[in-house]
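K.L.:
Could you have a look at this structure, given as structure tokens, before my questions?
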Amino acid sequence: MKVNCTFEIVSPVRVSRRRMKRTMPEMKRARRPDVKLVILGDMNVGKTSLLHRYMDKKFNDTISTVGGAFYLKQWGPYNISLWDTAGREQFHGLGSMYCRGASAVILTYDVTNWQSLAELEERFLSLTDTANHDCIYSVVGNKADLTDPSNAEEDYEGGCPVHTQHYACHLIPPTSTTTVSPVATREVQKEDAVALYQRILRYKALDERLSPPAERMCFETSAKTGANVDELFETLFEMVLPSILRMRSESEASPTIDLEDYGPVSSKQTKVGCC
Ligand SMILES: Nc1nc2c(ncn2[C@@H]2O[C@H](COP(=O)(O)OP(=O)(O)OP(=O)(O)O)[C@@H](O)[C@H]2O)c(=O)[nH]1
Ligand SMILES: [Mg+2]
């Protein structure tokens, strides 16, 4: 199966004289991800758009993801790999592979589509069985802008908000006597996401009192307006910091032999695939 793979480094690294003096382990660390964050959810919920919004600060046109893609975010001295996954059923088998070793998983739904929340539990949660034992989970309702009347007008096209056309269109219809713009009906309330988060903790056999609270881990976002997107990613980065520090100290305590240290290898050997 062919997989499209995107590799982006947010801040291009400028090699200064000071940096040239870095030791070999430091240089290796500079280009290696410290932790992995994976975004899961049904097709069309806006996973790719959320990543674009966070990485490029833009809301671009997207095409449905094939296989997966990953980005490398340099966050202070740390490197975080952000893995986008395909929501389409045909790529479902790849999900647990992408989750392997993940320190954080974002389970994404569309606030105007109840089924997209239900799918998280029915189809996606079990994929996270391969994640780290101390992985943190966030439940994210995207497309919050569609339920906000102040954003609805520009989206309104032929009686249905542009981005919900793939699904059954649930509108509060405009009446001839009112000038209020139509908005998509919110099908998922924040409490529904909180309840799912609590069920995730039970599924993972995690103690609710020792886990991050639902209010902190459930977000409503809009990749379109950017609402809550930076907050989502930055919160998760801060929460995985202990994992980063633990993994760094483990790798320093038990250094592994890297073949790159021992002479050139053929280009075929060094080519890294994404899966
Ligand atoms: N109004 C609105 N539309 C959004 C938002 N996020 C994504 N969309 C639109 O929803 C559609 C699907 O977005 P994608 O980001 O491609 O969805 P995805 O979850 O990556 O889908 P797959 O790759 O198929 O799994 C696109 O038309 C986006 O422009 C949002 O926050 N608000
Ligand atoms: Mg996508």
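K.L.:
Assuming R0 = 25 Å, what is the FRET efficiency of Ala118 and Glu215, from their Cβ-Cβ distance, to the nearest 0.05?
P.N.:
Computed FRET efficiency for Ala118 and Glu215 comes out at 0.70.
K.L.:
How much length is gained if the chain between Gln198 and Ala253 is pulled fully straight, taking 0.36 nm per residue apart and subtracting their Cα-Cα distance, in nm to one decimal?
P.N.:
Length difference between fully extended and current span is 16.2 nm.
K.L.:
Report the accessible area of Lys58, computed with a 1.4 Å probe over the heavy atoms of all protein chains in place, in Å² rounded to the nearest 10.
P.N.:
110 Å²
K.L.:
How far apart, in nm, are the 7 Å Cα→Cβ label points at Glu238 and Glu89?
P.N.:
Spacing of the two 7 Å Cα→Cβ label points: 4.1 nm.
K.L.:
Taking a probe of 1.4 angstrom, what is the accessible area of Asp192 in Å², to the nearest 10?
P.N.:
50 Å²
K.L.:
Please give the length that would be gained between Lys58 and Ser126 if that part of the chain were fully extended, namely 0.36 nm times their separation in residues minus their C-alpha to C-alpha distance (nm, one decimal).
P.N.:
Result for the pair: 21.3 nm of gain on full extension.
K.L.:
FRET efficiency for Asp230 and Asp134, Cβ-Cβ distance as r, R0 = 25 Å, nearest 0.05?
P.N.:
Details: r = 24 Å, r/R0 = 0.96.
The formula returns an efficiency of 0.55 here.
K.L.:
Right, another one. May I ask for the distance between the Cα centers of region 51-65 and region 204-255, given as a whole number of Å?
P.N.:
After rounding, the separation between the Cα centres reads 21 Å.
K.L.:
Can you flag which of Lys73/Lys143; Lys36/Lys73; Lys57/Lys143 are past 20 Å Cα-Cα?
P.N.:
The answer is Lys73/Lys143.
K.L.:
Starting from the residue with the highest accessible area, list Thr235, Thr185 in decreasing order, probe 1.4 Å.
P.N.:
Of Thr235, Thr185, the descending order of accessible area is Thr185, Thr235.
K.L.:
Applying a 10 Å radius around every beta-carbon, put 110-123, 209-222, 238-251 in order of their mean neighbour count, most first. All intermediate terms of the calculation are to be shown ahead of the outcome.
P.N.:
On the way: 110-123: 20.5, 209-222: 17.2, 238-251: 14.6.
Ranked by mean Cβ neighbours within 10 Å, highest first: 110-123, 209-222, 238-251.
The values are calculated or read from the model by the stated rules, or taken from the named source; none is laboratory data. This one's a predicted model, so the numbers in the text were calculated from it and none came from an experiment. Ideal geometry is used to build each Cβ from the backbone, glycine not excepted, and the neighbour counts take in all protein chains shown. Side chains included, ligands, DNA and RNA excluded: accessible areas come from the protein's heavy atoms. Shrake-Rupley method; radii C 1.70, N 1.55, O 1.52, S 1.80 Å.
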